[in-house]
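Reading through the structure tokens given below for one structure.
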Amino acid sequence: MSGFFALRRSAFDRVAPRLSPKGFKIMLELLYLLTHSPEPCLVVEHGITFGLREHGESKLSAKVMLDYLRMLRALRRSKQA
């Protein structure tokens, strides 16, 4: 998840009251809610290719990956009811 995404305002308004994002992972929660709602939205990806990093370091770490997996599990558990 690169951190850049777009969606229709009407779709956001439908799920906004149920959002409780943590950190930069709002896209993960949005995708889950939009595709698991009573009126699911169609999600389309327009992929991009990243080049090799020329400066700086990636912020992706084992902790970030673990946090991502924990959030997926929490979403599934909390939104099933």
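Just so it is clear, none of the values below were taken in a lab; they were calculated from the coordinates. Keep in mind that this is a model prediction, so the values were computed, not measured. FYI the Cβ positions are ideal-geometry reconstructions off the backbone, even for glycines, and counts take in every protein chain you see.
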Notebook entry, point to check: Which of Arg18, Arg53, Arg70 moves the most in a Gaussian network model of the chain with Cα springs under 10 Å?
Noted result: Arg53
Notebook entry, point to check: Where does the chain land at 222 nm, in deg cm²/dmol rounded to the nearest 500, when only DSSP H runs of n ≥ 4 count, each adding -39500 (n - 2.57), divided by all residues?
Noted result: -13500 deg cm²/dmol
Check: In region 13-81, which GluC sites (Glu not before Pro) fall in coil by DSSP and have 16 or fewer other Cβ atoms within 10 Å?
Finding: Glu45, Glu54, Glu57
Next item on the list: Determine, for Leu42, Leu30, the number of other Cβ atoms within 10 Å of each Cβ, and report the residues in order from fewest to most.
Entry: Leu42, Leu30
Checklist line | FRET efficiency estimate (nearest 0.05) - Cβ-Cβ, Leu69 to Leu19, R0 22 angstrom | finding: 0.65
Check: Exposure proxy check: Phe12, Phe50 ranked by fewest other beta carbons within 10 Å?
Finding: Phe50, Phe12
Notebook entry, point to check: So which residue, out of Ser61, Ser20, Ser37, gets the largest mean-square fluctuation from a GNM of the chain using Cα contacts under 10 Å as springs?
Noted result: Ser61
